[in-house]
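Asker: Dumping the structure here so I can ask a few things about it.
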Amino acid sequence: KGISQSSDLGDQVVVIRSGTVTWISPFTAEFSPINGNQKSFPCGIKHPSNMVQSASNDPSISSPLIAADGERIRMRCHLKAKELGSKVAANIEHVLNENEPNDEQKYLYSSADSNLFFAQSEQGSKLSLAYSITAKTSASVSGAMCLGAISIGWKPAGLSLSSEMASTEGNNSMLDEFGLAHGPLILSNIAPMKFYGPRCHVLDAPFKAKMLKCPSAPKVGTPFLVSYQVTNQTAKSQTLQLSMNSNQRGDTVPASSSELLIAGKMQGEAQMGPWEEKVFSFTFMSMIAGKVSRPQLSVSSGRHQTWVINESNNLSSQTLFVLP
């Protein structure tokens, strides 16, 4: 007798397999202020780290990120490819600064404009970008804001199969929309990756301070002018304590030396009325060529006991390169 059809099919068998898929971001982002946490022009903001008698005046000690309302902060972002393997890579198509209101300045990087540069980020690759952001107290109710939101448009770089794995008998069963590729799939629409900068406390500043003039390359024996502008942004009278120091510790010592002669008000007080603006000017003359250290200006508020100008926080900006 023949075998029935049901016997031919046999018993039904169900195989259940379970597993997990872990997605790993191909990039990491590191943010840092270009000029560091310590500022040369803190504008008198009332924060413990900006007090004249602060217990932590050591620049080596890390301090919180603080900024005055309306201050333009320059940031640096390092994008680094993770160690996913020596042949696993991702293509960066563009990088956007989403907090930039100007559409023409939103793009920090575009592969269309830099086709030969960083087209494919392999293990250990690093892309450094710079941008700036304006600190605003209205950005957050808590008084803190995020210093940048970086959006990365990217695509994974697919891995092609070797010729030995390709079909040699015309069997196209392995071919699909991705072709003979394995590993990361080059999808047509991938959600961008977003990285957020560090949090910064934004405070109202009683003063506005900036450097008006400082030559980039003065000449030996030729006088040149360095000037600063301070504006009282309150309706109260203010007293400023001014001091120009010639050493890095901030001790009050004669600023002039045999290398650099200085004329101007080296130390004293200055009175400011409500909303008044003052300019402090100093005349320098270098007697030698090469690298010369410029004395540091310190201006503090007598009312708030905070620093308005404190150039000892950024010693690198005090270097002059004098031409012969």
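The values are calculated or read from the model by the stated rules, or taken from the named source; none is laboratory data. Treat the numbers as computed from the prediction; the structure is a model and nothing was measured. Please note: Cβ atoms are built from the backbone with ideal geometry, for glycine as well, and neighbour counts cover all protein chains shown. Side chains are part of the model used for accessible areas, which takes the heavy atoms of the whole protein and leaves out ligands, DNA and RNA. Shrake-Rupley method; radii C 1.70, N 1.55, O 1.52, S 1.80 Å.
Asker: Say whether the condition of being at pLDDT 90 or above and among the charged types (D, E, K, R) is met by at least one residue in the stretch 299-313.
Answerer: Checked the stretch 299-313: at least one residue is at pLDDT 90 or above and among the charged types (D, E, K, R).
Asker: Pairs needed: first member in the stretch 20-46, more than 19 Å from PHE195 (Cα to Cα); second member anywhere, hydrophobic (A, V, I, L, M, F, W, C) and in a loop (DSSP other than H, G, I, E, B); C-beta distance under 7 Å; at least 6 residues apart or different chains.
Answerer: Here the result reads ASN37/LEU65; CYS43/ALA205; GLY44/ALA205; ILE45/ALA205, each pair linking the stretch 20-46 to a residue that is hydrophobic (A, V, I, L, M, F, W, C) and in a loop (DSSP other than H, G, I, E, B).
Asker: Which numbered condition trips up SER246, out of (1) closer than 17 Å to LYS265 by Cβ; (2) of a type in the set (Gly, Ala, Ser); (3) at pLDDT 90 or above?
Answerer: Unmet for SER246, out of (1) closer than 17 Å to LYS265 by Cβ; (2) of a type in the set (Gly, Ala, Ser); (3) at pLDDT 90 or above: (3).
Asker: Taking strands (runs of 3 or more DSSP E) that fall entirely within the stretch 277-318, which contain at least 1 residues that are open to solvent by 60 Å² or more (accessible area, probe 1.4 Å)?
Answerer: Passing ranges, in order: 277-286, 290-293.
Asker: When you go through (1) over 23 Å from ALA68 (Cβ atoms); (2) modelled with pLDDT of 90 or more; (3) surrounded by fewer than 17 Cβ atoms within 10 Å (Cβ to Cβ) one by one for PRO218, which number turns out not to apply?
Answerer: Looking at each condition in turn, PRO218 falls short on (3).
Asker: Of the conditions (1) surrounded by 12 or more Cβ atoms within 10 Å (Cβ to Cβ); (2) at pLDDT 85 or above, SER18 clears all except one; give me its number.
Answerer: So SER18 meets the others, but not (1).
Asker: Another question about this same structure. Would you say ILE190 is at pLDDT below 70, in a loop (DSSP other than H, G, I, E, B) and in contact with a Lys or Arg (Cβ under 8 Å, 6 or more places away or on another chain)?
Answerer: In short, no.
Asker: Next question. Please work out which residue is modelled with the lowest pLDDT, limiting yourself to the stretch 251-276 and to residues that are of a type in the set (Gly, Ala, Ser) and open to solvent by less than 30 Å² (accessible area, probe 1.4 Å).
Answerer: The residue in question is ALA255.
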